[in-house]
Amino acid sequence: MEEVVNRVLAWVLRAVVLLAGLVVFLSLVTAALLLGAFWGLRMLWARLTGRPVAPWVMGVDPRAAWRATTARSGWGQRRAEPPPSEPPTPPQTGAAGPLMRPLPGTEEVTDVQPRAPRGD
């Protein structure tokens, strides 16, 4: 009995996959036919009115992508900076630099005793 159920399920699965493929194929064919019919009507209308038909083209310029990429990265525009006359110095202990500013809300903390940072 189990073998019969397995065979039936296999055939049902095959039928479902076949139907799904058929639906995809028919939808693609329908889209192509509609596009062709629209293109033919456009050509017919142009012939009836005596106007030229502009071709359907995609304005893709392969150089545009290259230009956009090189403009973003600054490729080819790198300048050599002169070496600094003195090596940079680390911030001093207690210095209020951009990385050493107090965190917001620290004025409200009352249960902690401030200490000097340990030197490594």
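Structure notes:
- Yes/no for Glu86 being over 30 Å from Gly119 (Cα atoms), assigned to a loop (DSSP other than H, G, I, E, B) and at pLDDT below 75: no
- Exclusive hit being modelled with pLDDT under 70, over 30 Å from Phe38 (Cα atoms) and touching a Pro at 6+ places or on another chain (Cβ under 9 Å), set Gly97, Gly76: Gly97
The values are calculated or read from the model by the stated rules, or taken from the named source; none is laboratory data. Model, not experiment: these values are computed from the prediction. Positions of Cβ are generated from backbone atoms using ideal geometry, with glycine treated the same way; all protein chains shown enter the neighbour counts.
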